[in-house]
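Structure, as structure tokens:
Computed from the coordinates by the stated procedures, all read-outs in this text should not be read as laboratory data. This is a predicted model, so every value here is computed, not measured. In this analysis, Cβ positions are derived from the backbone assuming ideal geometry, glycine residues included, and neighbour counts consider all displayed protein chains.
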Amino acid sequence: MTAGKVPEVDVTAPGAPTRRRRRLVVLLAVFGPGLIAANAGNDAGGVLTYASAGAQFAYRTLFAMVLVTIGLVVVQEMSARLGAYTGEGLVSLIREQFPLRVAAFAVTCLVVANIGLVVSEFAGIGAALELFGISRYLSVPLAAVGIWAAVVLGSYRYVERVFLLLSFVFVAYPIAAALGHPDWTKVATQTALPHFVASHDFLLLVVALIGTTITPYMQLYQAAAVADKGNGPTDYPSVRIDAVAGAIFADLVSMCIIVATAAAIGGHGQLASAKEAATALRPAAGANAEHLFAIGLLGASALAAAVVPLSTAYAIAEAVGVERSVSRKFSEAPLFLGLFSAQVAIGAAIALAPGNLVQLLINMQILNGVITPVILTFILVMANRRSLLGDAVNSPRFRLVGTTCVVVIAAMATLVVVETARTWLGLGS
Amino acid sequence: MAPRPPLPLPGGVLRRHRSVRSVRLLANRAVAEALISVAGLVGQPVRNPSGVDVGRVADVVARWDGAPYPPVTGLVVRIGRRRAFVEITQVAEIAHRGVRLSSARLNLEDFGRREGELTLAADVIDHQMVDVDGVRVIRASDLYLAEVAGTYRLVGADVGLQTLARRLGPARWRAKPTPDRVIDWAAIQPFGGPGTIRLRSPNQELKRMHPSDLADLLEELGRRERQELLDALDPQVAADALEEMHAEELGALLREAPPEQAAALVAGMEPDEAVDALRDLNEEDRTELLEAMPAEDAERLNSLLEFPEGTAGGLMTTLMVTVQGDLTVAQVREQLRDYADRRSDIDAVLVVDDDGSLIDDVSLFELLLAGPDVRLDSLIGPPWPVVVDATAPLRDVVECLIENRSSSLVVVDDTGRPIGRILADDVVDALVPDRGRSHFPRLLS
């Protein structure tokens with residue numbers, strides 16, 4: 001029998017990367033899905049829309065943001081509850097709970113909204129790199145190919161961390177808001193007192209704010225992430241705290257962006273470029289503000305440019321009941337990989353359309369805002385179904401609050417659609 | 001550490017051939033041609049013998065009684081604002097274009113769900129089910145009925161995308177079957193609808209399925225369906241399948257299942273795999289599972305949990321057969337009988353002295369060749385077992401295996417007593433990056 005001797009040879013490779021990775025995930029799980037989902041609203045579209053709100057209307061959109069936050073909390077809570085009590089993602093639930101044609105309508109809306117998001121992520125990448133002097137006609141196609149390849153070849157999970165790190169740059173916003181000498185009395189009164197501006201631009205911007213804050217994608221993410229983690233009814237109290245806290249935290253950051261931008265360039269009219277938006281970070285970053293902003297924008301955009309099309313494709317493939325895994329060949333998972341690729345391609349292509357990138361980005365948030373009430377209606381109907389949720393069904397009071405939210409958002413979205421149609425037809429201003 | 005390139009996953013390559021197969025109805029051409037689409041039937045008129053419309057088909061009710069092709073027991077018919085149940089005995093004919101009743105006098109009762117019955121359009125179409133031949137989770141885009149020897153039966157599930165498109169299209173397309181990708185119902189494991197439990201004993205082929213295939217299915221199913229499948233499986237079969245699951249999905253499964261069931265499953269797993277699973281849970285869930293387990297199992301797992309992961313102690317299984325040298329081969333064979341269900345985890349028996357210190361391992365092959373009356377100590381000799389101590393890091397374990405070209409290692413404590421074994425396949429598992437297959441793409445997932 002040989003002695004229990006361990007050879008002294010140095011092996012360089014095989015550690016336990018999986019273990020270490022899992023530890024990291026456990027650590028990061030403290031930021032529960034709720035926090036991540038809601039903060040997905042602070043992506044490229046979010047940052048530039050909030051900045052635009054601050055630039056165009058100074059502090060006047062703050063009260064609207066309070067209402068939007070209430071809406072977000074209500075909606076994210078319902079999504080998390082659906083995920084926890086059914087263990088299924090929203091798209092699968094919609095297929096099981098509604099007639100196929102109705103479900104197909106919902107999925108179409110979701111895909112359109114998410115392509116809008118992907119467009120704005122690529123526009124964000126383009127705008128960020130333009131600040132470094134790189135043309136978007138170069139950066140956007142390269143980014144699209146790069147992200148697509150990274151996901152399909154399986155190395156995206158490593159790249160993802162870099163992007164996430166970059167996007168943490170945006171914590172500079174609360175600091176900038178504090179250091180930027182905003183008019184605090186105005187901030188306080190316009191946050192607390194009901195306040196609206198009766199103009200077409202204001203309406204459009206509020207719908208954009210709704211669209212970027214209560215993005216259909218976030219509900220999809222919230223429900224799926226809760227279900228996928230195996231969080232069930234017994235875990236629901238902590239899931240609910242995570243969802244609600246995440247929504248509130250995300251909106252506090254959003255409001256900081258509005259305040260910081262309002263203090264820097266408030267009332268100067270429409271936001272014309274990402275460069276202008278970057279000046280809001282000056283109080284915190286000084287002369288580096290522009291580059292810092294670009295880095296954060298790049299990170300946030302690239303992060304979402306992969307996760308949004310990927311999870312949309314996943315959710316739909318799951319609902320259709322076909323293979324869904326990036327480790328499959330195209331012939332094995334044509335629907336899943338096709339949907340993913342198409343979203344990236346279409347998103348990048350539209351982001352290349354000539355015109356103002358910031359404006360394109362905000363228009364995409366308006367598109368999301370118009371679609372939001374459709375998806376919210378589906379969520380509300382399902383959360384009202386006792387046959388689905390049992391005792392976790394919406395209480396009559398909650399049902400009233402939820403319905404009010406959906407009706408208000410739907411009314412604003414309808415107004416925007418009608419106004420836009422009138423403008424196109426040459427009837428209105 | 002540089003990330004390892006992902007290994008190619010076996011995809012469709014590893015589809016195991018199943019030779020035993022029940023007779024398939026859809027192979028019969030006459031049956032295939034007489035298919036009636038359930039999705040298309042919904043909304044079609046119900047006529048009495050004189051051809052007068054009395055209502056519209058709302059749903060088709062079938063009985064799940066373990067028969068491979070469930071018989072249709074009746075129709076849900078919408079008459080005005082009522083949803084009435086029409087027994088199949090009152091139905092003369094079901095066709096693409098509608099239903100003809102056999103008598104003018106209708107015995108109508110309001111529809112109520114009965115035990116063991118499912119409404120096909122509401123509970124089965126668009127829901128998840130398992131295709132046991134293809135070993136995959138599907139969603140039926142349509143179901144097909146056929147008249148077999150005078151009885152209408154559910155004979156197939158359609159998974160074609162074309163069929164989805166047909167159902168989205170205008171009404172006149174809907175009734176026409178498009179059996180482009182139909183799976184014979186005998187190969188389907190369906191799940192119950194809301195409120196219905198245990199509709200049908202599991203498909204026999206599920207029991208014959210390889211644990212890793214079952215693991216794939218468990219990973220892909222939704223929570224309710226997964227729980228139902230888990231309940232239907234024999235606990236030991238389920239525990240074997242759990243060993244093959246990816247860490248994250250396994251964690252989710254254990255959190256979802258009732259604690260007693262989860263504890264029983266973990267206790268049934270190989271100790272090293274069970275420890276891995278427990279490590280991935282948070283403190284609270286882990287304690288809950290250990291408390292719900294028989295004390296003996298919990299103690300064994302707790303002692304393994306004390307070894308840090310990434311060391312030989314954290315990697316080893318405590319499953320081993322130790323014998324004294326004075327036993328005969330026949331006696332050892334008798335002992336091995338108790339491990340029949342663990343045959344893939346045992347490759348040798350360990351021979352120890354009176355103090356319990358390791359002397360040698362004798363492979364099963366040696367045992368097979370030796371005569372029944374030979375004493376074990378006479379089989380002692382080279383090759384000697386490869387030994388590591390419990391604190392050896394993973395890379396030393398790997399190095400030991402590579403150097404010695406052996407398929408397993410023995411882990412010993414300070415005094416040379418064997419405390420566990422490490423099999424090469426467990427090391428392979430530890431080295432391969434764990435990529436969740438069917439995982440919602442979360443950030444940092």
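The figures follow:
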| read-out | value |
| --- | --- |
| Region B:251-389 - share of DSSP beta bridges that are antiparallel (%, nearest 5) | 65 |
| Computed FRET value (nearest 0.05) for B:PHE365 with A:THR403, which takes r as the C-beta separation and R₀ as 56 Å | 0.15 |
| For residues of B:276-282, the mean tally of beta carbons on other chains within 10 Å | 2 |
| Alpha-carbon centroid distance for the pair region A:180-205 / region A:105-177, whole angstrom | 30 |
| Cα gyration tensor shape for region A:333-429, rounded if a/c is under 1.5, else prolate or oblate | oblate |
| Contact order relative to length of region B:332-394, as percent, for alpha carbon pairs under 8 angstrom and 6 or more apart | 24 |
| Where labels lie 7 Å past Cα in the beta-carbon direction, separation of A:ILE175 and A:VAL197 in nm | 3.0 |
| Loop chymotrypsin sites (Phe, Trp or Tyr not before Pro), region A:193-247, which have at most 13 other Cβ atoms in a 10 Å radius of their Cβ (DSSP) | A:PHE196 |
| Qualifying chymotrypsin sites (Phe, Trp or Tyr not before Pro) for region A:62-153 [loop in DSSP, other Cβ within 10 Å: at most 16] | A:PHE132 |
| Cα→Cβ-extended label distance, 7 Å offset, between B:ARG337 and A:PHE168, nm | 6.3 |
| Region A:37-171 shape via C-alpha gyration tensor axes, a/c threshold 1.5 | oblate |
| Shape category assigned to the protein assembly as shown from the gyration tensor of Cα positions, a/c cut at 1.5 | oblate |
| Once the Cα gyration tensor of region A:100-228 is diagonalised, semi-axes √(5λ) in Å | 31, 25, 17 |
| Rg in Å to one decimal, and Dmax rounded to a whole Å, for chain A via C-alpha atoms | 22.1, 95 |
| Cα-centred dipole magnitude for chain A, charges only on beta-carbon of K, R (+1) and D, E (-1), debye, nearest 20 | 540 |
| Lys, Arg +1 and Asp, Glu -1 on Cβ, resulting dipole of region A:310-429 about Cα centre, debye, nearest 20 | 240 |
| Nitroxide proxy distance, nm - points 7 Å out along Cα→Cβ at B:ALA330 and B:THR151 | 5.4 |
| Using a Förster distance of 25 Å, the FRET efficiency for A:LEU67-A:ALA353 (Cβ separation, nearest 0.05) | 0.15 |
| Other protein chain Cβ atoms within 10 Å, averaged over every residue that makes up A:221-234 | 5 |
| Residue exposure sequence - B:SER378, A:SER273 - by fewest surrounding Cβ within 10 Å | B:SER378, A:SER273 |
| Alpha-carbon centroids, region A:258-327 and region A:335-360: separation in whole Å | 15 |
| Proximal charge balance of B:GLU288 [Cβ under 11 Å; K/R count +1, D/E count -1] | -3 |
| Two-site FRET efficiency, B:SER102 against B:TRP173, from Cβ-Cβ distance with R₀ of 41 Å, rounded to 0.05 | 0.90 |
| Unit charges on C-beta of K, R, D, E only; dipole of the protein assembly as shown, Debye | 5200 |
| Two-decimal Rg/Rh across region B:48-165, once Rg and the Kirkwood Rh are taken from alpha-carbon atoms | 0.98 |
| Relative contact order, percent, region A:148-305 [alpha-carbon distance under 8 Å, six or more residues apart] | 49 |
| Length-normalised contact order of chain A in % [C-alpha pairs under 8 Å, at least 6 apart] | 34 |
| Those trypsin sites (Lys or Arg not before Pro) in region B:142-171 that DSSP places in a loop and that have at most 10 other beta carbons within 10 Å | none |
